[in-house]
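J.: Below: one structure in structure tokens.
The values are calculated or read from the model by the stated rules, or taken from the named source; none is laboratory data. Owing to the predicted nature of the structure, the values given are computational and were not obtained by experimental measurement. Note: ideal-geometry Cβ built from the backbone for every residue, glycine included; neighbour counts use all protein chains shown. When the accessible area is computed, the model is the full protein with side chains, heavy atoms only, and any ligands, DNA or RNA have been set aside. Shrake-Rupley method; radii C 1.70, N 1.55, O 1.52, S 1.80 Å.
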Amino acid sequence: MDEKTSEVLTAVALVERVGWCADLAADMVASLLGEHWNAADVDTLAAGVDAGGRTLPSNAWMSLRRLGWTVNSSAKVNDRIVRAAQEQAGRSLRSVKWRADVVAGILVTWPADPRKRTETEWEAVRAAIPGGEYLLSSVIRSRTRQIANFERKNGRLPADVFELEPAPRVARMLLLAACDGQQASIERSATEPTKALLRLQLPTCPDPRKYADWSWVACPITLPPTVPANAVLHLPTLRVVGGKVRADLAYTHPVPKAQRSGHIVALGVDWGLNTLLSAGVARLHDDGRITALGAGAQFRASGVLAKQYRLRKQSERLRAKTDQYTRLADPVLETKQAVLAQEIRRVSERRSNLNDALAWSAARWAVDQAVAAGATVIYLEDLRSMEAGGMGRTQNTRMSQTVRGQIADRTRHLAAETGIAVVTVPPRNTSKHCPHCLTPLRHRKAPDRPTVSGWKWAICPSCQWQGDRDEGAWRRIAARGLTHQTKTIVDKTSGTMVIRKVVDTMEAKAVITATPKTSRIDRSKTGSTRPRTNRPAPRRRRIPSPARPSGHAGKRPEGHAPTDRIRLPRAAHRHQSVTTISRPTGHRPHGAALGAGFHLHAHATPPRWETIQPIPQPLDHTGSLS
């Protein structure tokens with residue numbers, strides 16, 4: 001509602017007015033980026049001190065004003081809108097510093113063969129990049145390919161990242177976090193915890209010339225049930241998406257503080273392809289023994305990943321057609337090229353939405369498993385830099401494009417709400433060595449094909465343990481994390497908990513102690529194993545059924561009983577059992593084909609819920625919602 005005129009604004013009118021304000025801010029952001037998109041200004045901002053030697057503030061808009069980087073608008077705008085534009089531009093300029101250092105280090109140590117570095121060249125490039133010792137190899141390789149493409153097109157190497165990349169495209173959004181009460185405010189309802197009121201000033205025309213062209217607008221917001229009642233709301237970021245105004249709302253609430261060490265029960269999680277996640281619980285005993293609790297669980301998303309692969313192939317075909325139309329440069333094809341560009345955007349949005357849904361679903365499942373088992377820590381493999389190979393072009397591509405990074409981020413967010421720590425461990429030899437004796441395993445195709453080499457089924461030649469490859473991996477991950485928990489550190493850049501290196505003396509103790517199998521029942525075969533029961537009644541009647549009686553008493557007549565229930569389409573069972581036995585036919589997910597939807601395309605082991613006694617822990621303040 002417009003508070004000046006008491007007019008109730010329609011959704012279209014609100015989208016229009018928010019869009020006008022976002023356009024004014026975007027023009028100023030583009031002006032700032034175009035003026036300061038160079039190495040000298042970015043280094044000045046990243047140095048953290050002004051000309052007088054004073055430390056720059058943490059807020060980007062205050063830092064830009066301290067350095068004298070101002071911007072003017074042709075329209076009459078509130079100074080708080082200028083703040084929002086400076087904050088958005090300052091964040092972009094600060095973020096490019098890391099990329100500039102990476103590109104500069106690669107250019108200084110440019111290899112003789114960009115496609116494959118030697119060991120000496122890898123050491124040199126890591127030494128030239130600040131913090132390059134723990135930098136992902138995939139980041140260095142991707143930046144190397146980007147520079148090699150520039151050299152192939154221009155015949156020379158770029159001078160820096162600012163020649164390699166143009167100024168970033170300015171997002172059409174309104175960053176209200178840099179504003180104060182003179183521009184925007186948000187207040188939660190005292191009577192309805194799920195309601196909040198956002199008040200902000202918006203222009204009444206696309207090109208305001210005086211302050212009278214601005215008016216206060218009150219926008220009610222319905223909060224999702226995931227926002228706690230005691231959460232403190234912060235000013236959101238407004239975006240216009242699909243003809244609607246979206247508010248990225250951040251909030252803060254107290255949660256139990258996660259501990260880096262002192263863990264007794266841990267959940268180990270291993271990455272896979274069709275079996276996206278394999279997880280299990282291990283316990284550290286007082287005498288140093290580590291035992292596995294149960295057989296573990298699996299989250300399989302082969303159907304979802306297959307759909308993601310089909311969307312990727314569709315996007316590649318559309319891009320190939322667009323490139324062909326660009327090479328032809330025929331004006332007649334411009335209309336078709338515009339249609340293809342729109343279709344590419346739609347396919348990309350579908351891929352992004354599918355990845356987001358898969359990441360949240362897998363993260364929620366992993367955290368539920370930890371809560372059900374009473375674990376205080378989740379150990380994950382650090383496979384962000386993995387580039388699959390040796391499994392065929394299709395499998396390699398699907399494995400490399402798995403959303404591991406998104407799943408890890410979502411898991412940290414959900415685990416923080418319950419005080420569970422999420423720690424990444426080195427992935428070295430987690431699937432190669434036996435979880436019980438650390439002997440190198442022999443990998444076979446399947447348990448019923450022990451002589452055929454493969455990668456799914458593992459057999460230990462020493463202790464004779466055998467099982468699924470992923471089952472052994474999560475045991476190794478959990479045991480490694482429990483024995484190395486004193487080596488857990490907090491990464492200064494990302495703020496995540498991580499174990500950097502494997503210590504040989506600690507690794508020697510990272511074994512799962514096998515629990516001896518005992519049975520109170522003598523199961524030796526001394527006779528027939530057929531149960532001594534009467535023969536079950538046949539499913540069909542062998543005599544005609546009686547005629548339908550006039551009343552409601554008596555036996556049911558022949559035929560199906562009438563019912564008003566709508567029969568649902570048959571779909572894949574969400575809790576179906578998992579087997580590694582080889583089959584003549586491949587997996588055929590029926591969920592989406594028969595209308596079952598996303599959740600019957602992903603099969604997950606349900607957590608075994610028990611009453612968990614809460615552990616008193618210190619509190620920390622975190623939380624976000626988008």
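J.: In contact with a Ser or Thr (Cβ under 7 Å, 6 or more places away or on another chain) and among the β-branched types (Val, Ile, Thr) - does that describe any residue in region 318-336?
T.: no
J.: Count, please, the residues in region 152-162 that happen to be surrounded by 14 or more Cβ atoms within 10 Å (Cβ to Cβ) and either of a type in the set (D, E, K, R) or touching a Gly at 6+ places or on another chain (Cβ under 7 Å) (or both).
T.: Qualifying residue count for the region: 1.
J.: Helices (runs of 4 or more DSSP H) wholly in region 1-92 with at least 1 residues that are loosely packed, with under 14 Cβ neighbours inside 10 Å and not charged (D, E, K, R) - which ones?
T.: Per the criteria, 11-36, 39-47.
J.: Please go through region 114-141 and pick out each residue that is in a loop (DSSP other than H, G, I, E, B) and either open to solvent by less than 30 Å² (accessible area, probe 1.4 Å) or under 23 Å from Glu163 (Cβ atoms) (or both).
T.: Keep residues of region 114-141 that are in a loop (DSSP other than H, G, I, E, B), which gives 114-118, 129-131, 135-136.
Within region 114-141, Pro114, Arg115, Arg117, Ile129, Pro130, Leu135 qualify.
J.: Another question, then. Would you mind stating whether Ser261 is surrounded by fewer than 18 Cβ atoms within 10 Å (Cβ to Cβ), of a type outside the set (Val, Ile, Thr) and more than 21 Å from Gln406 (Cβ to Cβ)?
T.: It is true that Ser261 is surrounded by fewer than 18 Cβ atoms within 10 Å (Cβ to Cβ), of a type outside the set (Val, Ile, Thr) and more than 21 Å from Gln406 (Cβ to Cβ).
J.: Taking the condition part of a helix (DSSP H, G or I), of a type outside the set (A, V, I, L, M), modelled with pLDDT of 80 or more and over 22 Å from His433 (Cα atoms), does Thr505 pass?
T.: Taking the combined requirement at face value, the residue does not satisfy it.
J.: Additional query: Hey, any hits in region 201-212 for a residue that's open to solvent by 70 Å² or more (accessible area, probe 1.4 Å), over 30 Å from Ile378 (Cβ atoms) and among the aromatic types (Phe, Trp, Tyr)?
T.: Yes, some residue in region 201-212 is open to solvent by 70 Å² or more (accessible area, probe 1.4 Å), over 30 Å from Ile378 (Cβ atoms) and among the aromatic types (Phe, Trp, Tyr).
J.: Let me ask something else. Counting only residues that are more than 20 Å from Thr483 (Cβ to Cβ), give me the strands (runs of 3 or more DSSP E) lying completely in region 258-315 with at least 2 of them. Full working, then the answer.
T.: Details: elements: 265-271, 275-284, 290-300.
Filter on region 258-315 gives 275-284, 290-300.
J.: Report whether or not Ala478 is over 28 Å from the mean Cα position of the chain (by Cα), among the aliphatic types (A, V, I, L, M) and crowded, with 24+ Cβ neighbours inside 10 Å.
T.: Taking the combined requirement at face value, the residue does not satisfy it.
J.: Strands (runs of 3 or more DSSP E) wholly in region 430-475 with at least 1 residues that are in contact (Cβ under 8 Å) with a residue 24 or more places away in the chain, open to solvent by 30 Å² or more (accessible area, probe 1.4 Å) and small (Gly, Ala, Ser) - which ones?
T.: Counting at least 1 such residues, we get no strands (runs of 3 or more DSSP E) at all.
J.: To continue, here is another question. Has region 23-43 got any residue that is over 17 Å from Pro168 (Cα atoms) and within 32 Å of the chain's Cα centre (by Cα)?
T.: Yes, there is a match, as at least one residue in region 23-43 is over 17 Å from Pro168 (Cα atoms) and within 32 Å of the chain's Cα centre (by Cα).
J.: So for region 157-164 (the condition being modelled with pLDDT of 90 or more, within 28 Å of Asp41 (Cβ to Cβ) and among the aromatic types (Phe, Trp, Tyr)), does at least one residue qualify?
T.: yes
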